Amino acid sequence: MERDSMEWTPAIRAGGRVGLALIVSAACMARAGASPSLTRCPPIAFVKRNGHGLRGTNATMHSHMTGVGAAICVYDPAKPEEGAKTIFEDKTGFIMDISPSYDGRRLVFTYKREVPKRQDSHHIWEINADGTGLRQITSGRYHDFNPVYLPDGRICFASTRVESYSLCQDFLACALYTVAPDGSDVRRIEYSTLCDVSPSVMDDGSILYTRWEYQDKNIFCTEALWTVNPDGTRVQLFYGNTLTVPNALYGAKQVPGTRKVIAVMAAHHYPPLGAICLIDRSLGHENVEGIVNITPEVPYRPTVGKHWRETSWGPGDVFYPWSYTDPYPLEEDLFLVSYGGPLKGGPQRYRLFVMDAQGNKTLLYEDPQASCFCPVPLRPRQTPHRMAGAPVVGNRPPPADPKGEARFFCLDVYQGLLDKGVTRGMVKELRVMSQLPKKYNTEGPRYSDHYPAIGEGTYYVKYNYGTVPVAEDGSAYFTAPAGVELYFQALDKDGKEVRRMGTVTQGTDGETQSCIGCHESRSHAPPAQLLSWKRLARPPDRITPPPWGEGPVDFVKQVQPVLDNYCVRCHSGPKPDGGIDLSGDKTRLFNMAFETLVFTPGLVERYHINPGPTGNFPPLATGSWVSRLTKLLETKYKEVDDESRRRIYTWIDANVPYYGTWDMTRPHTFGGRDTWLDVGGKPLPWFAEFQKAYQEAFGKAADEAKGGARGRIAGVKHTDINLTHPEWSRVLTRNLATSAGGLADDAKAIFKYKDDARYQAILKAIEGGKAALLAKPRMDMPGAVPVPQQRDFGRTF
């Protein structure tokens, strides 16, 4: 076999038509001997479609419009003269993928009917390998997809039953579920808030899957491999999470007889077409040396950032449309793949190949009129270990009415910290945080890449449960809500972040999750700390809510009262000290204080995740620990009380959200919260009046003054219009003569007096904006009435 000479390898064409390809193949075999990979290949099933038919980010492609027409075929390489046999076909439907039973007699698959009508969702179906026994397993207005048989007979699959949405894109979120063979007893087994897809079963019975997460880190790079038990326990990182290339690992399956895994290295914003890789986790869970691209003609080079703050995702978000997909390992050195290459000058359709661990491949089957995907073996396989079941928490939106608790035990939080500048006794508490599932879809223009606007760092609504104590020996043992996405922050005596967990975890009701330390290596043996282990003999600690109450981190409710109490006497009004306005006066989307704090360079440490850091957060280097605002509180403003400081530190360490809710009073507008423009970018009446007055006052060209679909006007920032005190608007004060109470030099001032007609016209317009805001309060104001949006979890976009 030769890596790049596919046209000269044994080929069988559709319907048993061998022709010249088989004659050439026979000549090659006579010279080189029969390919062992082809003779070792069992009967297979595969999906035939006109093209790949899937679009968008690989983790959300289930809710995109698909191709039309698909079939399930079976083929026996030992009987090439018989060709492929179609056991199921739907010319108006779509089949995404298939997975075989352990006895090789049945197939479970993802199927959507009557695609052109856009009415059906993806559901899980089953069929016998001989074409009999077709039946539907799941139903309802959800997308159910990526099914795989479990050793106990249940089926694991991904589903939009989570009833939430992707953060920045206008698509549906999903998580892993299991279902009984008859379609009953659907159970959610993991609680990530974004998209978890592509499950397969490991030899030990655990489920290997791709998890897409955003925990204050780069949005492009975190589609890594994780495992979870079929009952929802023991969610653990398998491999990845800090790689910058590839952006995503998809379709991972354990290689028989080894502890290695085969997967597709893929881009983030495209379907899972890319390079085939082998992963040896024994070299480390995040070690770039543990992943090898065995198809280097697709030039993904596994990479990690040079430092933790590396924001580049490298060339990882590059799409290779005729590359590899759907790997299925048969033996240690024999894999099935679908390949559309060569990347240049190829047939522009996908064919089925067998491949070895060096990337050599032999053409197994092709159809001259269609593409072939998802090759799977139809022979008995060793059934993986069957794990005993356990009660599973029901499907519920966190954190409302949490039912059940999990226990978390950290043996010694200083493991992983002591060699990085942290000293024993420094960590006093752990803060227990959650990220709330996105309630509504992205159905309006995005602000700062997300909708609805939450802030200038995190895309999530962050939820603060409170804190738990850390003992002098570094141990912590506590309860936390089950069935929610959680992460933890190690805090010092003042409530400042010593280290932030750079990923998320979960627990099921009654489960105990444990770790040795804080980002320590899982390959290290736990230290022999008898006192720490004895902590398990006592009841776990309960979470202590913060003095201001458990709940979403909300700038207006949590931080603004501190600023009002200590700061606004000097830092507000038409001439705030140092130009620093810390008032709660409303701006276009937020308020003055928030925009001042987050946009003043270095004042607060924040991570806008497009792009954000790609590495693990190091200790003593993030959030409140390094923010200049913290240093000011500790030196210049020592009078600020302890609770007020903790409010600010908690906000910074939550990655500076402004809103503590997904609800909106202005859905479909810019950021879902716009006070300048209406739906479709049409200026609100007051803002249209402002544009006209501004143009007349400053002589701006009409197109500059109109501002376009997002209301941008040359020289006007969001903080230049004050919708609480219009007369303090900077667009007025910075152009008003000093002698008249403004900030401009008298000789250069546009407005010499406040009774200037142009000044009054702008002021009148902004006063209209204030009135409009009071008449329809935003979610950061008293009296706000959320406007609900349609929520359809089986929708096709």
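The residues on offer are GLY483, GLY551, GLY510, and the sole one that is of a type in the set (Gly, Ala, Ser) and crowded, with 20+ Cβ neighbours inside 10 Å is GLY483.
Identify all residues within segment 711-757 that are farther than 30 Å from ASP780 by Cα, surrounded by 16 or more Cβ atoms within 10 Å (Cβ to Cβ) and among the charged types (D, E, K, R); write none if there are none. LYS752, ASP756, listed by residue number.
Restricted to segment 244-298, the set of strands (runs of 3 or more DSSP E) holding at least 3 residues that are in contact with a Pro (Cβ under 7 Å, 6 or more places away or on another chain) comprises 248-254, 261-266.
Every condition in (1) assigned to a loop (DSSP other than H, G, I, E, B); (2) of a type in the set (D, E, K, R); (3) modelled with pLDDT of 95 or more; (4) closer than 30 Å to PRO613 by Cα is met by ARG522 except one, and the failing one is (3).
Filtering PRO43, PRO77 for residues that are assigned by TED's automatic domain parsing to the domain that holds THR110, at pLDDT 95 or above and in contact with a helix residue (DSSP H, G or I) (Cβ under 7 Å, 6 or more places away or on another chain) leaves a single hit, PRO77. Looking only at segment 403-427, residues that are surrounded by fewer than 18 Cβ atoms within 10 Å (Cβ to Cβ), at negative phi and assigned to a loop (DSSP other than H, G, I, E, B) come to 3 in all.
The residues listed here are CYS221, CYS168; of these, the one that is of a type outside the set (S, T, N, Q), crowded, with 22+ Cβ neighbours inside 10 Å and part of a loop (DSSP other than H, G, I, E, B) is CYS221. Return yes or no: is ARG542 at pLDDT 95 or above, surrounded by fewer than 19 Cβ atoms within 10 Å (Cβ to Cβ) and farther than 23 Å from VAL626 by Cα? So ARG542 passes the test. In segment 619-633, the residues that are at positive phi reach residues that are small (Gly, Ala, Ser) and surrounded by fewer than 22 Cβ atoms within 10 Å (Cβ to Cβ) with C-beta atoms within less than 8 angstrom, at least six apart or across chains, in these pairs: LEU620/GLY421. Looking only at residues in segment 63-106 that are among the acidic types (Asp, Glu) and under 22 Å from PRO327 (Cα atoms), which one is surrounded by the most Cβ atoms within 10 Å (Cβ to Cβ)? If we take residues in segment 63-106 being among the acidic types (Asp, Glu) and under 22 Å from PRO327 (Cα atoms), then ASP97 is surrounded by the most Cβ atoms within 10 Å (Cβ to Cβ).
Evaluate segment 158-165: report whether one residue or more is surrounded by fewer than 22 Cβ atoms within 10 Å (Cβ to Cβ), over 22 Å from TRP212 (Cβ atoms) and either modelled with pLDDT of 95 or more or touching a helix residue (DSSP H, G or I) at 6+ places or on another chain (Cβ under 7 Å) (or both). The answer is no, given that none of the residues of segment 158-165 is surrounded by fewer than 22 Cβ atoms within 10 Å (Cβ to Cβ), over 22 Å from TRP212 (Cβ atoms) and either modelled with pLDDT of 95 or more or touching a helix residue (DSSP H, G or I) at 6+ places or on another chain (Cβ under 7 Å) (or both). Among the residues of segment 538-565, those identified as part of a strand (DSSP E or B) and under 20 Å from ILE454 (Cβ atoms) are GLY551, PRO552.
Exactly one residue among GLY671, GLY699, GLY680, GLY660 is modelled with pLDDT under 95 and closer than 30 Å to LYS438 by Cβ, and that residue is GLY680. The listed residues are ARG141, ARG187, and the only one of them that is on the phi < 0 side of the Ramachandran plot, at pLDDT 95 or above, buried (at least 17 other Cβ atoms within 10 Å of the Cβ) and among the basic types (Lys, Arg) turns out to be ARG187. Six or more apart or on different chains, Cβ atoms under 8 Å: show the pairs whose first residue is in segment 752-768 and in contact (Cβ under 8 Å) with a residue 60 or more places away in the chain and whose second is among the hydroxyl-bearing types (Ser, Thr, Tyr) and assigned to a loop (DSSP other than H, G, I, E, B). Once the first residue is in contact (Cβ under 8 Å) with a residue 60 or more places away in the chain and sits in segment 752-768, its partners that are among the hydroxyl-bearing types (Ser, Thr, Tyr) and assigned to a loop (DSSP other than H, G, I, E, B) give TYR759/TYR753; ILE762/SER729; ILE766/SER729. Pick from segment 603-649 the residues that are of a type in the set (Ser, Thr, Tyr) and either part of a loop (DSSP other than H, G, I, E, B) or in the same structural domain as ASN241 (by TED's automatic domain parsing) (or both): which of them is farthest from the chain's Cα centre (by Cα)? Looking at residues that are of a type in the set (Ser, Thr, Tyr) and either part of a loop (DSSP other than H, G, I, E, B) or in the same structural domain as ASN241 (by TED's automatic domain parsing) (or both), I get TYR637. Remark: ARG349 matches the filter, which requires a residue to be part of a loop (DSSP other than H, G, I, E, B), outside the structural domain of MET501 (by TED's automatic domain parsing) and at pLDDT 95 or above. Applying the criterion of being in contact (Cβ under 8 Å) with a residue 60 or more places away in the chain and under 30 Å from LEU589 (Cβ atoms) to the residues of segment 405-439, the residue that is farthest from the chain's Cα centre (by Cα) is ARG431. Is it true that some residue in segment 568-580 is over 22 Å from LYS638 (Cα atoms), at pLDDT 95 or above and within 36 Å of the chain's Cα centre (by Cα)? The answer is no, given that none of the residues of segment 568-580 is over 22 Å from LYS638 (Cα atoms), at pLDDT 95 or above and within 36 Å of the chain's Cα centre (by Cα). If you go through segment 226-262 and pick out every residue that is buried (at least 24 other Cβ atoms within 10 Å of the Cβ), more than 19 Å from the chain's Cα centre (by Cα) and of a type in the set (Gly, Ala, Ser), you end up with 1.
Of the residues making up segment 440-451, those that are part of a loop (DSSP other than H, G, I, E, B) and within 15 Å of the chain's Cα centre (by Cα) number 4. Among residues of segment 104-129 that are aliphatic (A, V, I, L, M), those with a Cβ under 8 angstrom from a residue that is crowded, with 20+ Cβ neighbours inside 10 Å and modelled with pLDDT under 95, sequence gap 6+ or separate chain, pair up as VAL115/THR66. Of all residues in segment 494-507, at least one satisfies being part of a loop (DSSP other than H, G, I, E, B) and either of a type in the set (Phe, Trp, Tyr) or under 21 Å from TRP662 (Cβ atoms) (or both).
Of the residues in segment 180-203, none is assigned to a helix (DSSP H, G or I) and either within 22 Å of THR227 (Cα to Cα) or in the same structural domain as THR227 (by TED's automatic domain parsing) (or both).
ARG55 meets the conditions (1) touching a residue at least 60 places away in the same chain (Cβ under 8 Å); (2) buried (at least 19 other Cβ atoms within 10 Å of the Cβ) in every case but one. The failed one is (2).
The values are calculated or read from the model by the stated rules, or taken from the named source; none is laboratory data. Bear in mind that the values here come from a model prediction, so they are computed numbers and not experimental data. Backbone-built Cβ (ideal geometry, glycine too); neighbour counts: all protein chains shown.
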